[in-house]
Amino acid sequence: MIPPSVQTLCRKFNRFDFPTKTITILCYGEYVPHYKQHYTCVERKPSSIDAASICTKHDKKGAFRCYEGFRNSSVVSEQKVRSRMEDVVFCGWPERVFNPIMDLQGFHRIKSLTIEYSHSEIILDFPEMFYLQTINISWTNLSHLGSQKTFKKIHALKIVDLRWNKLMQLDPLLLPPTFEHLYLGGNPWNCTKNFKWLLVPEKGNYVADRELLVCADRKYKDRNVTTVMNYKVMLRNACQSHEDLKNCSCSMHHIIPKTHLPLYTVNCSHLGLHFLPAFLPENTTTLFANNNKITDISPLRNNIHYRYVVDVHLDNNMIETIDVLEGGYWLDHFRLLSLKNNKLKKIPVYALDNALDDNANANLLLLSMNPWHCSCKFGMRFREIVIKYNDILRDAWNITCTYKQDEEEKMSTIMAITREDVCKPKNESKIHVLDCINGALAIMILLILAKLGYDYYHYKNYGRVPWIVMKLP
(Lines give C-alpha, C1' and ligand atoms only; values in the text may rest on other atoms or scores of the structure.)
Protein backbone atom coordinates (compact mmCIF):
# COMPACT_ATOMS: atom_id res chain seq x y z
CA MET A 1 0.00 0.00 0.00
CA ILE A 2 1.32 3.43 -0.95
CA PRO A 3 1.29 5.82 2.04
CA PRO A 4 -1.08 8.82 1.54
CA SER A 5 1.79 11.30 1.86
CA VAL A 6 3.61 9.57 -1.02
CA GLN A 7 0.48 9.84 -3.12
CA THR A 8 0.26 13.55 -2.26
CA LEU A 9 3.88 14.09 -3.29
CA CYS A 10 3.25 12.25 -6.55
CA ARG A 11 0.31 14.50 -7.30
CA LYS A 12 2.43 17.57 -6.63
CA PHE A 13 5.66 16.73 -8.35
CA ASN A 14 4.81 13.82 -10.70
CA ARG A 15 8.21 12.16 -10.05
CA PHE A 16 10.22 11.74 -6.87
CA ASP A 17 13.64 10.14 -6.78
CA PHE A 18 14.08 7.78 -3.83
CA PRO A 19 17.65 6.48 -3.54
CA THR A 20 18.32 2.72 -3.25
CA LYS A 21 14.79 1.75 -4.24
CA THR A 22 13.86 -0.98 -6.72
CA ILE A 23 10.12 -1.68 -6.60
CA THR A 24 8.09 0.91 -8.56
CA ILE A 25 4.68 2.50 -8.14
CA LEU A 26 2.62 4.27 -10.80
CA CYS A 27 2.32 8.02 -10.32
CA TYR A 28 0.62 10.12 -13.04
CA GLY A 29 1.69 7.69 -15.72
CA GLU A 30 5.34 7.64 -14.62
CA TYR A 31 7.19 5.14 -12.47
CA VAL A 32 8.57 6.18 -9.11
CA PRO A 33 11.20 4.01 -7.38
CA HIS A 34 10.09 2.48 -4.10
CA TYR A 35 11.95 1.09 -1.12
CA LYS A 36 14.08 -2.04 -1.20
CA GLN A 37 12.28 -4.42 1.08
CA HIS A 38 15.55 -5.64 2.61
CA TYR A 39 16.29 -2.22 4.02
CA THR A 40 12.87 -0.89 5.03
CA CYS A 41 9.67 -1.79 6.82
CA VAL A 42 7.48 -2.02 3.70
CA GLU A 43 6.34 -5.51 4.66
CA ARG A 44 4.33 -5.00 7.80
CA LYS A 45 4.78 -7.45 10.63
CA PRO A 46 2.44 -10.49 10.31
CA SER A 47 -0.32 -10.58 12.88
CA SER A 48 0.87 -13.98 14.07
CA ILE A 49 4.10 -12.46 15.41
CA ASP A 50 4.00 -11.48 19.03
CA ALA A 51 4.08 -7.76 19.88
CA ALA A 52 7.33 -8.25 21.76
CA SER A 53 10.53 -7.29 19.95
CA ILE A 54 11.20 -9.66 17.04
CA CYS A 55 14.33 -9.58 14.87
CA THR A 56 14.83 -11.59 11.69
CA LYS A 57 17.96 -12.16 9.64
CA HIS A 58 17.60 -11.58 5.88
CA ASP A 59 20.88 -12.61 4.34
CA LYS A 60 24.38 -13.85 5.10
CA LYS A 61 25.80 -10.32 4.92
CA GLY A 62 24.36 -9.38 8.27
CA ALA A 63 21.08 -7.65 7.39
CA PHE A 64 18.56 -7.64 10.25
CA ARG A 65 15.07 -6.24 10.61
CA CYS A 66 13.72 -5.69 14.13
CA TYR A 67 10.13 -4.93 15.13
CA GLU A 68 9.40 -3.05 18.36
CA GLY A 69 13.09 -2.80 19.30
CA PHE A 70 15.48 -5.63 20.03
CA ARG A 71 15.97 -5.81 23.78
CA ASN A 72 14.03 -9.06 24.15
CA SER A 73 15.34 -10.61 20.94
CA SER A 74 17.78 -13.50 21.22
CA VAL A 75 18.96 -12.85 17.63
CA VAL A 76 20.85 -9.67 18.55
CA SER A 77 21.27 -10.10 22.27
CA GLU A 78 24.80 -11.44 21.95
CA GLN A 79 27.58 -8.92 21.50
CA LYS A 80 29.27 -11.17 18.93
CA VAL A 81 26.15 -11.11 16.75
CA ARG A 82 25.79 -7.32 16.94
CA SER A 83 29.38 -6.72 15.97
CA ARG A 84 28.86 -8.61 12.66
CA MET A 85 25.72 -6.76 11.58
CA GLU A 86 26.04 -4.42 8.59
CA ASP A 87 22.45 -3.40 7.80
CA VAL A 88 19.96 -2.79 10.61
CA VAL A 89 16.29 -1.89 10.27
CA PHE A 90 14.21 -0.86 13.28
CA CYS A 91 10.47 -0.91 12.59
CA GLY A 92 8.23 0.78 15.14
CA TRP A 93 10.84 1.71 17.74
CA PRO A 94 8.95 1.34 21.05
CA GLU A 95 10.68 4.01 23.12
CA ARG A 96 9.81 7.71 23.15
CA VAL A 97 13.44 8.59 22.49
CA PHE A 98 15.98 6.81 20.31
CA ASN A 99 19.34 7.15 22.07
CA PRO A 100 22.12 6.52 19.51
CA ILE A 101 24.74 6.17 22.23
CA MET A 102 22.93 3.43 24.14
CA ASP A 103 20.79 1.82 21.46
CA LEU A 104 23.62 1.41 18.96
CA GLN A 105 26.07 0.12 21.51
CA GLY A 106 27.89 -2.91 20.14
CA PHE A 107 26.90 -2.26 16.50
CA HIS A 108 30.45 -1.43 15.52
CA ARG A 109 30.38 -2.44 11.83
CA ILE A 110 26.95 -1.40 10.59
CA LYS A 111 26.93 0.35 7.23
CA SER A 112 23.26 1.30 7.02
CA LEU A 113 20.71 2.15 9.69
CA THR A 114 16.96 2.46 9.08
CA ILE A 115 14.33 3.59 11.59
CA GLU A 116 10.75 3.67 10.31
CA TYR A 117 7.19 3.91 11.65
CA SER A 118 8.15 4.96 15.15
CA HIS A 119 7.07 7.67 17.56
CA SER A 120 10.58 8.45 18.73
CA GLU A 121 12.64 11.62 18.85
CA ILE A 122 16.43 11.85 18.56
CA ILE A 123 17.76 14.36 21.05
CA LEU A 124 21.37 13.16 21.42
CA ASP A 125 24.18 13.16 18.88
CA PHE A 126 25.34 9.91 17.30
CA PRO A 127 28.53 8.51 18.82
CA GLU A 128 31.74 8.17 16.87
CA MET A 129 31.24 5.56 14.14
CA PHE A 130 33.57 4.55 11.31
CA TYR A 131 31.56 2.25 9.01
CA LEU A 132 28.05 3.72 8.94
CA GLN A 133 27.37 5.20 5.49
CA THR A 134 23.57 5.49 5.19
CA ILE A 135 20.97 6.60 7.72
CA ASN A 136 17.28 6.44 6.86
CA ILE A 137 14.84 7.83 9.44
CA SER A 138 11.41 7.98 7.80
CA TRP A 139 7.70 7.82 8.67
CA THR A 140 8.37 8.76 12.29
CA ASN A 141 7.34 11.51 14.70
CA LEU A 142 10.77 13.11 14.47
CA SER A 143 10.11 16.85 14.83
CA HIS A 144 13.62 18.12 15.48
CA LEU A 145 17.23 17.07 15.81
CA GLY A 146 19.14 17.55 19.02
CA SER A 147 21.80 19.76 17.45
CA GLN A 148 23.66 20.58 14.27
CA LYS A 149 26.29 18.02 15.30
CA THR A 150 23.87 15.06 15.35
CA PHE A 151 25.73 13.22 12.55
CA LYS A 152 29.12 14.93 12.72
CA LYS A 153 31.03 12.03 14.31
CA ILE A 154 29.91 9.46 11.72
CA HIS A 155 33.10 9.64 9.66
CA ALA A 156 32.05 7.53 6.64
CA LEU A 157 28.52 8.95 6.35
CA LYS A 158 27.32 9.56 2.78
CA ILE A 159 23.49 9.64 2.82
CA VAL A 160 20.93 10.78 5.39
CA ASP A 161 17.26 10.30 4.51
CA LEU A 162 14.90 12.25 6.79
CA ARG A 163 11.80 12.18 4.60
CA TRP A 164 8.19 11.79 5.77
CA ASN A 165 8.73 12.86 9.35
CA LYS A 166 7.38 15.87 11.24
CA LEU A 167 10.32 18.22 10.86
CA MET A 168 9.26 21.85 10.70
CA GLN A 169 12.63 23.55 11.03
CA LEU A 170 16.20 22.46 10.46
CA ASP A 171 19.46 24.33 10.88
CA PRO A 172 22.35 23.48 8.54
CA LEU A 173 23.96 20.26 9.74
CA LEU A 174 27.65 19.81 10.42
CA LEU A 175 28.57 16.77 8.34
CA PRO A 176 31.75 14.80 7.62
CA PRO A 177 33.78 15.47 4.43
CA THR A 178 32.57 12.19 2.89
CA PHE A 179 28.93 13.29 2.94
CA GLU A 180 26.99 13.33 -0.36
CA HIS A 181 23.20 13.63 -0.06
CA LEU A 182 20.55 14.73 2.43
CA TYR A 183 16.86 14.03 1.68
CA LEU A 184 14.21 16.16 3.43
CA GLY A 185 11.01 15.81 1.38
CA GLY A 186 7.59 15.13 2.85
CA ASN A 187 8.10 17.12 6.06
CA PRO A 188 5.73 19.94 7.14
CA TRP A 189 8.28 22.76 6.83
CA ASN A 190 7.55 26.06 8.54
CA CYS A 191 8.75 28.66 6.04
CA THR A 192 8.37 31.53 8.46
CA LYS A 193 11.62 30.19 9.95
CA ASN A 194 15.06 30.73 8.46
CA PHE A 195 15.88 28.31 5.64
CA LYS A 196 18.08 30.72 3.69
CA TRP A 197 20.99 28.33 4.18
CA LEU A 198 19.40 26.15 1.49
CA LEU A 199 20.48 28.77 -1.05
CA VAL A 200 24.10 28.80 0.10
CA PRO A 201 26.06 26.39 -2.15
CA GLU A 202 28.35 24.95 0.51
CA LYS A 203 25.37 24.27 2.81
CA GLY A 204 22.41 23.65 0.55
CA ASN A 205 23.88 21.73 -2.38
CA TYR A 206 23.94 18.47 -0.45
CA VAL A 207 20.13 18.63 -0.01
CA ALA A 208 19.31 16.46 -3.02
CA ASP A 209 15.56 17.19 -3.05
CA ARG A 210 15.59 20.85 -2.01
CA GLU A 211 13.64 21.92 -5.10
CA LEU A 212 10.79 19.64 -3.99
CA LEU A 213 10.48 20.88 -0.40
CA VAL A 214 7.07 22.40 0.31
CA CYS A 215 5.94 24.81 3.03
CA ALA A 216 3.19 23.64 5.36
CA ASP A 217 2.75 26.72 7.56
CA ARG A 218 -0.39 28.81 7.22
CA LYS A 219 1.37 31.80 5.72
CA TYR A 220 3.15 30.05 2.83
CA LYS A 221 1.18 26.78 2.60
CA ASP A 222 1.96 24.69 -0.49
CA ARG A 223 4.65 27.12 -1.69
CA ASN A 224 8.05 25.84 -2.68
CA VAL A 225 10.57 26.35 0.15
CA THR A 226 13.41 27.53 -2.08
CA THR A 227 11.09 29.97 -3.88
CA VAL A 228 10.04 31.51 -0.57
CA MET A 229 13.64 31.73 0.61
CA ASN A 230 14.74 33.28 -2.71
CA TYR A 231 12.14 36.01 -2.31
CA LYS A 232 13.27 36.65 1.25
CA VAL A 233 16.91 36.98 0.19
CA MET A 234 15.99 39.33 -2.68
CA LEU A 235 13.97 41.47 -0.26
CA ARG A 236 16.79 41.60 2.27
CA ASN A 237 19.29 42.67 -0.39
CA ALA A 238 16.94 45.35 -1.73
CA CYS A 239 16.35 46.81 1.73
CA GLN A 240 20.01 46.76 2.73
CA SER A 241 21.15 48.35 -0.53
CA HIS A 242 19.30 51.64 -0.02
CA GLU A 243 20.29 54.19 2.60
CA ASP A 244 16.69 55.12 3.45
CA LEU A 245 15.82 51.55 4.46
CA LYS A 246 18.95 50.44 6.30
CA ASN A 247 17.27 50.79 9.68
CA CYS A 248 13.87 49.58 8.48
CA SER A 249 12.69 45.99 8.68
CA CYS A 250 11.42 44.30 5.53
CA SER A 251 9.32 41.14 5.42
CA MET A 252 7.25 39.11 2.98
CA HIS A 253 3.68 38.75 4.18
CA HIS A 254 2.08 36.86 1.29
CA ILE A 255 2.63 35.10 -2.03
CA ILE A 256 -0.22 35.32 -4.53
CA PRO A 257 -1.25 31.71 -5.36
CA LYS A 258 -1.75 31.91 -9.12
CA THR A 259 1.01 34.32 -10.08
CA HIS A 260 3.42 33.40 -7.22
CA LEU A 261 4.08 37.13 -6.88
CA PRO A 262 5.51 38.08 -3.45
CA LEU A 263 3.99 40.94 -1.44
CA TYR A 264 6.26 42.83 0.94
CA THR A 265 5.88 44.87 4.12
CA VAL A 266 8.35 47.61 5.10
CA ASN A 267 8.38 48.82 8.71
CA CYS A 268 10.14 52.14 9.38
CA SER A 269 8.44 52.98 12.68
CA HIS A 270 10.19 54.57 15.68
CA LEU A 271 13.18 55.81 13.66
CA GLY A 272 12.75 59.59 14.03
CA LEU A 273 12.26 60.02 10.26
CA HIS A 274 11.40 63.46 8.91
CA PHE A 275 10.50 62.18 5.45
CA LEU A 276 8.99 59.07 3.95
CA PRO A 277 11.61 56.74 2.41
CA ALA A 278 12.46 57.71 -1.16
CA PHE A 279 12.77 54.04 -2.15
CA LEU A 280 10.68 50.94 -1.51
CA PRO A 281 11.32 47.43 -2.89
CA GLU A 282 9.23 46.33 -5.83
CA ASN A 283 5.99 44.60 -4.78
CA THR A 284 5.81 46.48 -1.48
CA THR A 285 2.14 46.83 -0.55
CA THR A 286 2.31 47.79 3.14
CA LEU A 287 4.29 50.54 4.85
CA PHE A 288 4.53 51.22 8.58
CA ALA A 289 6.04 54.61 9.45
CA ASN A 290 4.44 55.25 12.85
CA ASN A 291 5.99 57.31 15.63
CA ASN A 292 8.24 59.49 13.49
CA LYS A 293 8.41 63.22 12.69
CA ILE A 294 7.05 63.07 9.15
CA THR A 295 5.28 66.17 7.87
CA ASP A 296 5.17 65.59 4.10
CA ILE A 297 3.20 62.78 2.44
CA SER A 298 3.67 63.97 -1.15
CA PRO A 299 5.61 60.76 -2.06
CA LEU A 300 2.28 58.93 -1.93
CA ARG A 301 1.29 60.97 -4.97
CA ASN A 302 4.59 61.72 -6.70
CA ASN A 303 6.92 58.77 -6.03
CA ILE A 304 6.49 55.78 -8.36
CA HIS A 305 7.66 53.40 -5.62
CA TYR A 306 4.44 54.15 -3.70
CA ARG A 307 2.05 53.55 -6.57
CA TYR A 308 1.03 50.08 -5.38
CA VAL A 309 1.54 50.61 -1.64
CA VAL A 310 -2.09 50.19 -0.65
CA ASP A 311 -1.73 50.07 3.15
CA VAL A 312 0.02 53.03 4.82
CA HIS A 313 0.30 53.50 8.59
CA LEU A 314 1.39 57.00 9.62
CA ASP A 315 0.17 57.28 13.21
CA ASN A 316 1.89 59.63 15.68
CA ASN A 317 3.62 61.92 13.19
CA MET A 318 3.42 65.66 12.47
CA ILE A 319 1.29 65.70 9.31
CA GLU A 320 -0.76 68.90 9.00
CA THR A 321 -2.40 68.43 5.63
CA ILE A 322 -3.24 65.79 3.04
CA ASP A 323 -4.33 68.26 0.36
CA VAL A 324 -1.45 67.09 -1.87
CA LEU A 325 -3.21 63.74 -2.37
CA GLU A 326 -6.24 65.38 -3.97
CA GLY A 327 -6.88 64.10 -7.49
CA GLY A 328 -3.94 61.67 -7.42
CA TYR A 329 -3.83 57.97 -8.31
CA TRP A 330 -2.96 56.85 -4.80
CA LEU A 331 -6.00 58.37 -3.07
CA ASP A 332 -8.28 56.68 -5.60
CA HIS A 333 -6.72 53.24 -5.07
CA PHE A 334 -5.57 52.98 -1.43
CA ARG A 335 -6.90 50.26 0.86
CA LEU A 336 -5.82 51.48 4.30
CA LEU A 337 -4.63 54.86 5.53
CA SER A 338 -4.06 55.48 9.22
CA LEU A 339 -3.37 59.08 10.28
CA LYS A 340 -4.17 58.92 13.98
CA ASN A 341 -2.55 61.43 16.32
CA ASN A 342 -1.12 63.84 13.76
CA LYS A 343 -1.73 67.60 13.42
CA LEU A 344 -4.64 67.62 10.97
CA LYS A 345 -7.12 70.47 11.41
CA LYS A 346 -8.91 70.41 8.08
CA ILE A 347 -9.02 68.23 4.97
CA PRO A 348 -10.54 68.75 1.51
CA VAL A 349 -13.80 66.98 2.28
CA TYR A 350 -15.14 67.20 -1.28
CA ALA A 351 -12.00 65.51 -2.63
CA LEU A 352 -12.18 62.85 0.08
CA ASP A 353 -15.84 62.27 -0.73
CA ASN A 354 -15.07 61.76 -4.43
CA ALA A 355 -12.10 59.49 -3.70
CA LEU A 356 -14.00 57.23 -1.29
CA ASP A 357 -16.97 57.13 -3.64
CA ASP A 358 -14.82 56.00 -6.59
CA ASN A 359 -12.44 53.73 -4.65
CA ALA A 360 -13.96 50.26 -4.32
CA ASN A 361 -10.71 49.10 -2.70
CA ALA A 362 -10.92 51.47 0.29
CA ASN A 363 -11.35 49.47 3.47
CA LEU A 364 -10.10 51.55 6.40
CA LEU A 365 -9.39 55.24 7.05
CA LEU A 366 -8.45 56.30 10.59
CA LEU A 367 -8.47 60.01 11.50
CA SER A 368 -8.98 60.16 15.26
CA MET A 369 -6.75 61.97 17.82
CA ASN A 370 -6.12 64.92 15.48
CA PRO A 371 -6.80 68.58 16.50
CA TRP A 372 -9.72 69.04 14.11
CA HIS A 373 -11.17 72.57 14.05
CA CYS A 374 -14.83 72.72 13.04
CA SER A 375 -16.05 75.91 11.51
CA CYS A 376 -19.66 76.09 10.42
CA LYS A 377 -18.98 75.07 6.82
CA PHE A 378 -16.21 72.51 7.38
CA GLY A 379 -17.70 70.97 10.52
CA MET A 380 -21.04 70.15 8.95
CA ARG A 381 -19.53 68.86 5.71
CA PHE A 382 -16.96 66.77 7.59
CA ARG A 383 -19.71 65.27 9.73
CA GLU A 384 -21.68 64.31 6.62
CA ILE A 385 -18.64 62.50 5.17
CA VAL A 386 -17.97 60.66 8.43
CA ILE A 387 -21.58 59.46 8.62
CA LYS A 388 -21.70 58.56 4.91
CA TYR A 389 -18.55 56.43 5.07
CA ASN A 390 -18.91 55.16 8.62
CA ASP A 391 -17.99 51.61 7.53
CA ILE A 392 -14.57 52.92 6.35
CA LEU A 393 -14.02 55.62 8.99
CA ARG A 394 -14.36 53.10 11.78
CA ASP A 395 -12.95 55.37 14.47
CA ALA A 396 -15.67 57.96 13.82
CA TRP A 397 -16.82 58.10 17.44
CA ASN A 398 -13.25 58.89 18.50
CA ILE A 399 -12.88 61.85 16.11
CA THR A 400 -13.21 65.05 18.12
CA CYS A 401 -13.15 68.65 16.97
CA THR A 402 -12.96 72.04 18.66
CA TYR A 403 -15.27 74.96 17.93
CA LYS A 404 -15.83 78.43 19.37
CA GLN A 405 -18.94 79.25 21.32
CA ASP A 406 -19.41 82.24 23.53
CA GLU A 407 -15.78 83.21 22.90
CA GLU A 408 -14.90 79.91 24.49
CA GLU A 409 -13.29 76.91 22.80
CA LYS A 410 -15.31 73.74 23.21
CA MET A 411 -14.78 70.16 22.09
CA SER A 412 -17.17 67.49 20.92
CA THR A 413 -17.11 64.28 18.93
CA ILE A 414 -17.83 64.88 15.26
CA MET A 415 -20.78 62.49 15.47
CA ALA A 416 -22.42 64.45 18.31
CA ILE A 417 -21.83 67.98 17.02
CA THR A 418 -24.85 69.96 15.75
CA ARG A 419 -25.29 72.88 13.40
CA GLU A 420 -26.38 75.06 16.30
CA ASP A 421 -23.08 74.31 18.05
CA VAL A 422 -20.85 75.52 15.22
CA CYS A 423 -23.09 77.87 13.23
CA LYS A 424 -24.98 79.83 15.92
CA PRO A 425 -22.80 80.80 18.86
CA LYS A 426 -24.78 81.58 22.03
CA ASN A 427 -23.25 85.02 22.63
CA GLU A 428 -24.58 86.36 19.34
CA SER A 429 -27.59 88.74 19.59
CA LYS A 430 -30.93 87.05 19.04
CA ILE A 431 -32.08 90.00 16.85
CA HIS A 432 -30.20 89.95 13.57
CA VAL A 433 -30.18 92.76 10.94
CA LEU A 434 -32.59 90.85 8.76
CA ASP A 435 -34.89 90.47 11.71
CA CYS A 436 -34.84 94.27 12.17
CA ILE A 437 -35.64 94.87 8.50
CA ASN A 438 -38.44 92.35 8.60
CA GLY A 439 -39.83 94.05 11.71
CA ALA A 440 -39.73 97.48 10.04
CA LEU A 441 -41.49 96.14 6.96
CA ALA A 442 -44.17 94.57 9.13
CA ILE A 443 -44.75 97.91 10.92
CA MET A 444 -45.00 99.76 7.61
CA ILE A 445 -47.53 97.28 6.32
CA LEU A 446 -49.60 97.72 9.47
CA LEU A 447 -49.47 101.54 9.08
CA ILE A 448 -50.56 101.32 5.46
CA LEU A 449 -53.45 99.07 6.38
CA ALA A 450 -54.45 101.43 9.21
CA LYS A 451 -54.35 104.45 6.86
CA LEU A 452 -56.41 102.57 4.29
CA GLY A 453 -59.04 101.78 6.94
CA TYR A 454 -59.07 105.41 8.16
CA ASP A 455 -59.59 106.83 4.64
CA TYR A 456 -62.31 104.29 3.88
CA TYR A 457 -64.17 105.27 7.06
CA HIS A 458 -64.12 108.99 6.32
CA TYR A 459 -65.04 108.49 2.71
CA LYS A 460 -68.07 106.42 3.60
CA ASN A 461 -69.33 108.68 6.40
CA TYR A 462 -68.29 112.11 5.25
CA GLY A 463 -67.63 111.74 1.55
CA ARG A 464 -64.09 112.88 1.93
CA VAL A 465 -61.34 111.33 -0.11
CA PRO A 466 -57.69 111.24 0.88
CA TRP A 467 -55.76 114.40 0.11
CA ILE A 468 -53.37 112.57 -2.20
CA VAL A 469 -56.28 111.66 -4.44
CA MET A 470 -57.13 115.35 -4.75
CA LYS A 471 -53.64 116.04 -5.99
CA LEU A 472 -53.79 113.49 -8.77
CA PRO A 473 -54.34 115.00 -12.26
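The values are calculated or read from the model by the stated rules, or taken from the named source; none is laboratory data. The model shown is predicted, which means the values in this text are computed figures rather than measured ones. Cβ atoms come from the backbone with ideal geometry, glycine included; neighbour counts cover every protein chain shown. These area figures cover heavy atoms from the full protein model, side chains too; ligands, DNA and RNA do not enter into them. Shrake-Rupley method; radii C 1.70, N 1.55, O 1.52, S 1.80 Å.
The figures follow:
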{"read-out": "Mean Cβ count within 10 Å, highest first, over the residues of peptides 461-468, 162-169", "value": "162-169, 461-468"}
{"read-out": "Solvent-accessible surface (1.4 angstrom probe) belonging to Phe130, in square angstrom, nearest 10", "value": "130 Å²"}
{"read-out": "Pair Asp296, Lys377: separation of 7 Å Cα→Cβ label points (nm)", "value": "2.9 nm"}
{"read-out": "Exposure ranking of Leu300, Leu273, Leu261 by accessible area [1.4 Å probe, largest first]", "value": "Leu261, Leu273, Leu300"}
{"read-out": "Accessible-area ranking of Met369, Met252, largest first, probe 1.4 Å", "value": "Met369, Met252"}
{"read-out": "Span from the segment 267-312 Cα centroid across to the segment 340-375 one, whole angstrom", "value": "18 Å"}
{"read-out": "Placed amide H near His254: partners under 5 Å, 5+ positions off or other chain", "value": "Leu263"}
{"read-out": "Within the accessible area of segment 167-281 (1.4 Å probe), percent carbon and sulfur", "value": "53 percent"}
{"read-out": "Trp139 - accessible surface, heavy atoms, 1.4 Å probe, Å² rounded to 10", "value": "30 Å²"}
{"read-out": "Where GluC sites (Glu not before Pro) fall in DSSP loop in segment 338-416, at most 12 other Cβ within 10 Å", "value": "Glu407"}
{"read-out": "Estimated inter-spin distance, Ser251 and Ile448, nm [label 7 Å along Cα→Cβ]", "value": "8.0 nm"}
{"read-out": "With DNA, RNA and ligands ignored, accessible area of His274 (1.4 Å probe; Å², nearest 10)", "value": "100 Å²"}
{"read-out": "Calculated FRET efficiency for the pair Asn361/Met102, C-beta based, R₀ 51 Å, to 0.05", "value": "0.25"}
{"read-out": "Nearest-20 debye value, segment 83-211 charge dipole, Cβ charges on Lys, Arg, Asp, Glu", "value": "200 debye"}
{"read-out": "Residue among Cys436, Trp467, Leu447 farthest towards the positive dipole end of segment 347-473, charges placed on Cβ", "value": "Trp467"}
{"read-out": "Rounded FRET efficiency, nearest 0.05, which uses the C-beta distance separating Phe279 from Arg109 and R0 of 56 Å", "value": "0.35"}
{"read-out": "Unit charges on C-beta of K, R, D, E only; dipole of segment 266-366, Debye", "value": "340 debye"}
